[in-house]
Amino acid sequence: MYDPLTDSSPGQLANYPDSYWASSFSPTNYPGLQTDIHSDVVVIGGGYTGLSCALHLARQGVEVTLLEANRTGWGCSGRNGGFVLNGTGRLSYLQMQQKWGKQTANLLYRENRAAIDSVAELIEQGEVACDANPGGYLKIAHRAHLVDALKQQARFLQDEFGDPVSFITKERLASDYMQHAYAHGGLLFPYCFGVHPLKLADGYARMASNAGASLYQGNPVTGWQKQADKHVLLTPQAKVTANKVVIATNGYTPNKFHAGIDRRHFPVLSSVIVTEPLSEAQLSACGLKPGVMVMDTRALKYYYRLLPDGRLLFGGRGAIRGKDADKAVYKQRLLAALIDSFPALRHIQLSHFWSGWVSVSLDDYPRINQPEHDNSVYYAMGYCGSGVSFATRAGYRLAQMVTGSEPMPALPYFQSQLTKFPFSPFRRLGLSAFYHWGRLKDEWL
Ligand SMILES: Cc1cc2nc3c(=O)[nH]c(=O)nc-3n(C[C@H](O)[C@H](O)[C@H](O)COP(=O)(O)OP(=O)(O)OC[C@H]3O[C@@H](n4cnc5c(N)ncnc54)[C@H](O)[C@@H]3O)c2cc1C
């Protein structure tokens with residue numbers, strides 16, 4: 001599998017991974033660019049960030065060309081769990097308040113809720129048939145001693161932001177949500193919803209194209225030259241000259257792609273298994289309902305949801321290196337965790353297993369900004385594995401930045417650069433140590 005830390009290109013027109021999403025939907029094909037062109041703005045990367053940016057630029061009448069190395073939604077945007085969540089990064093709202101103060105935390109909360117709304121609005125505007133499934137997001141305490149912290153979190157969110165979150169007792173979890181071996185209580189965020197992520201990416205692509213953006217796939221940017229104030233982007237078949245460039249390659253950004261973002265994020269694998277449809281007996285034994293999306297309080301979190309056709313999607317951490325991503329051991333680990341959580345599913349068969357690269361920032365929150373010393377380049381990355389809603393919003397904000405149509409709100413995302421990883425060649429050793437620590441913590445604490 002492509003490895004952004006060692007490979008110089010994510011490939012060219014590679015097929016979608018063998019995911020449940022790609023097996024249940026065939027996205028629209030876009031042509032490859034074969035001749036040299038000029039475009040006012042070029043967006044590199046055809047995931048939610050790039051597609052949303054291209055859509056919002058085209059809506060403002062900007063001449064915009066999107067270059068995708070493989071296919072639209074080929075990266076994380078076609079591989080994720082489809083959880084449309086309130087937030088991004090890894091900081092809790094309490095941590096944000098401690099770091100940046102009450103007013104900024106409040107603005108961040110509003111921006112993140114607006115991000116969810118913007119996914120829903122685009123789905124409605126584009127009549128995107130992406131199996132949008134209401135039901136809410138349930139964050140469960142996997143240990144009894146973590147329940148009090150969840151209750152405090154609920155009170156904090158209600159008091160500070162008026163969030164409609166509610167606490168669900170262990171008994172109600174068992175009677176109304178699931179028969180789970182380690183669910184001691186949970187928080188229900190009712191406004192979060194689930195989607196078919198590849199259908200959503202395809203819908204954004206169609207909307208961007210209809211709005212006037214030129215989308216090309218099979219065009220990896222493999223070279224980047226600066227000629228006076230123009231950017232010349234080289235792909236194997238053609239080059240594009242542009243006034244402005246948006247980097248929307250996120251966790252799939254090749255090594256040493258642009259000096260302004262080099263070593264400023266860490267691509268980490270997340271993996272997913274999907275089961276065969278559950279039988280009536282299995283469904284009633286584990287009690288899961290379609291629509292509800294679940295994540296736990298572990299250091300190494302698991303996330304899962306029942307899909308509309310009765311399959312269970314179950315995700316968690318993957319391998320450390322791309323070359324190991326498809327090894328059976330990682331699939332078996334997820335299956336063991338699934339059965340540990342839902343013993344009634346001990347004979348379940350799997351239909352799919354795949355992985356994708358999420359972009360992790362050093363300080364646990366993303367940036368939407370311009371690299372220092374380059375006022376015609378823009379980027380958004382570092383979503384830390386939570387980006388379906390945020391990427392959609394980031395694309396909208398990037399488009400505003402490019403045109404200067406709106407000043408950015410006073411939020412930390414826009415006000416600093418991604419922090420460089422110290423000792424960056426040793427990032428993977430650090431990740432391995434973190435996984436060992438996380439396993440011990442999750443088992444014993
Ligand atoms: C297994 C998994 C589960 C996840 N689950 C969730 C979830 O349930 N909820 C949630 O909020 N988030 C989830 N995420 C994270 C979420 O999917 C991402 O944050 C989001 O999709 C990022 O979108 P993006 O457009 O920024 O990047 P991507 O979708 O990764 O798109 C980047 C694109 O850039 C292209 N590219 C790279 N280099 C070049 C180049 N040189 N030239 C041209 N093109 C290039 C790639 O081919 C790729 O298509 C998950 C991620 C994974 C991997």
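Within the set Ser341, Ser355, Ser359, the sole residue that is within 12 Å of the ligand (Cβ to nearest atom) and touching a His at 6+ places or on another chain (Cβ under 9 Å) turns out to be Ser359. The residues on offer are Asp296, Asp262, and the sole one that is within 16 Å of the ligand (Cβ to nearest atom) and without any contact (Cβ under 8 Å) to a residue 12 or more places away in the chain is Asp262. Within the stretch 349-377, the set of residues being buried (at least 20 other Cβ atoms within 10 Å of the Cβ) and within 30 Å of Met178 (Cα to Cα) comprises His352, Phe353, Trp354, Ser355, Gly356, Trp357, Val358.
Of all the criteria given as (1) in a loop (DSSP other than H, G, I, E, B); (2) of a type outside the set (Asp, Glu); (3) farther than 27 Å from Ser361 by Cα; (4) within 16 Å of the ligand (Cβ to nearest atom), the one not satisfied by Gly203 is (1).
Take the stretch 1-53 and flag every residue that is of a type in the set (Gly, Ala, Ser) and in a loop (DSSP other than H, G, I, E, B).
Ser8, Ser9, Gly11, Ala14, Ser19, Ser24, Ser26, Gly32, Gly45, Gly46, Gly47
Residues that are in a loop (DSSP other than H, G, I, E, B) and near the ligand (Cβ under 6 Å from one of its atoms) within the stretch 63-82 comprise Ala69, Asn70, Trp74, Gly75, Arg79, Asn80, Gly81, Gly82, listed in sequence order.
May I ask you to verify whether Ala380 is buried (at least 24 other Cβ atoms within 10 Å of the Cβ) and either within 13 Å of the ligand (Cβ to nearest atom) or farther than 28 Å from Met96 by Cβ (or both)? Criteria met by Ala380. Just one of the listed residues (Val221, Val232) is of a type in the set (A, V, I, L, M, F, W, C), within 11 Å of the ligand (Cβ to nearest atom), touching a strand residue (DSSP E or B) at 6+ places or on another chain (Cβ under 7 Å) and in the same structural domain as Gly260 (by TED's automatic domain parsing), and it is Val221.
Contact annotation: residue pairs with Cβ atoms under 6 Å, 6 or more positions apart or on different chains, pairing a residue in the stretch 45-58 that is assigned by TED's automatic domain parsing to the domain that holds Asp202 with a partner that is of a type in the set (S, T, N, Q), are Gly45/Thr249; Gly46/Thr72; Gly47/Ser77; Tyr48/Ser77; Tyr48/Thr392; Ser52/Thr392.
Filter the stretch 366-377 for residues that are touching a residue at least 24 places away in the same chain (Cβ under 8 Å) and away from the ligand (no atom under 13 Å from the Cβ) and give the result.
Asn369, Gln370, Pro371, Glu372, His373, Asp374, Ser376, Val377
Looking for something outside the structural domain of Asp442 (by TED's automatic domain parsing), within 23 Å of Asp3 (Cα to Cα) and crowded, with 22+ Cβ neighbours inside 10 Å - is there at least one such residue anywhere in the stretch 318-331? Yes; the residues of the stretch 318-331 include at least one that is outside the structural domain of Asp442 (by TED's automatic domain parsing), within 23 Å of Asp3 (Cα to Cα) and crowded, with 22+ Cβ neighbours inside 10 Å.
For the stretch 83-191, please list each of the helices (runs of 4 or more DSSP H) lying entirely inside it that holds at least 3 residues being loosely packed, with under 14 Cβ neighbours inside 10 Å and assigned by TED's automatic domain parsing to the domain that holds Pro290. Spell out the reasoning first.
Numbers: elements: 93-100, 102-125, 147-161.
The helices (runs of 4 or more DSSP H) meeting that bar are 147-161.
Looking only at the stretch 383-407, filter to residues that are closer than 26 Å to Phe83 by Cα and in a loop (DSSP other than H, G, I, E, B); which one of those is nearest to the ligand (Cβ to nearest atom)? The residue in question is Gly387.
The values are calculated or read from the model by the stated rules, or taken from the named source; none is laboratory data. Worth saying up front: this structure is predicted, and the values here are computed from it rather than measured. Note that we place each Cβ from the backbone using ideal geometry, even for glycine, and neighbour counts take in every protein chain shown.
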